[in-house]
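The values are calculated or read from the model by the stated rules, or taken from the named source; none is laboratory data. Not measured: the values here are computed from a predicted model. Backbone-built Cβ (ideal geometry, glycine too); neighbour counts: all protein chains shown.
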Amino acid sequence: QEFIGLGEVFWGSEFDATSTLKLENVNKADSGKYACSASTWLDSSMIEVGALTVWKSTTFLTEPSTIEVVQGATFMLDCDVDVEPELAESLDTTWVKDGENIDVSQGGEGNFRMEA
């Protein structure tokens, strides 16, 4: 196993201690199984304490744009999202106009429609 480094040890009493591993600014390379090893002059032991999966943040690929049209015209806005393939099926997009959600399933205000 790869040695990550020493954790902080907190003494709860004269006979027990808790070691804490703190990872900051995690990335995908930090994903994996983590174990804790404890040793004294008499013996040593190791136990698997957890598994970590780090997902890439969902990000927007679409840049903001300003569109001008004449009244009665049709226009479309795209919202391109970069999402982990394993999370794609659970992706849900919501459209918002002036801070209010648009109900695209019912036609909504102004006959909005969302196409996949």
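Take segment 45-78 and flag every residue that is in contact with a strand residue (DSSP E or B) (Cβ under 7 Å, 6 or more places away or on another chain), under 23 Å from SER90 (Cβ atoms) and either assigned to a loop (DSSP other than H, G, I, E, B) or among the acidic types (Asp, Glu) (or both).
Scanning segment 45-78 gives THR58, LEU61.
Just to be sure, is THR58 within 30 Å of CYS79 (Cβ to Cβ), of a type outside the set (Gly, Ala, Ser) and within 15 Å of the chain's Cα centre (by Cα)?
Considered against the rule, which asks whether it is within 30 Å of CYS79 (Cβ to Cβ), of a type outside the set (Gly, Ala, Ser) and within 15 Å of the chain's Cα centre (by Cα), THR58 comes out as yes.
Identify, by number, the condition in (1) at pLDDT below 90; (2) within 25 Å of VAL54 (Cβ to Cβ); (3) charged (D, E, K, R) that ASP82 doesn't meet.
(1)
Name the strands (runs of 3 or more DSSP E) wholly inside segment 1-44 in which the number of residues that are modelled with pLDDT of 85 or more is 1 or more.
Ranges flagged: 32-39.
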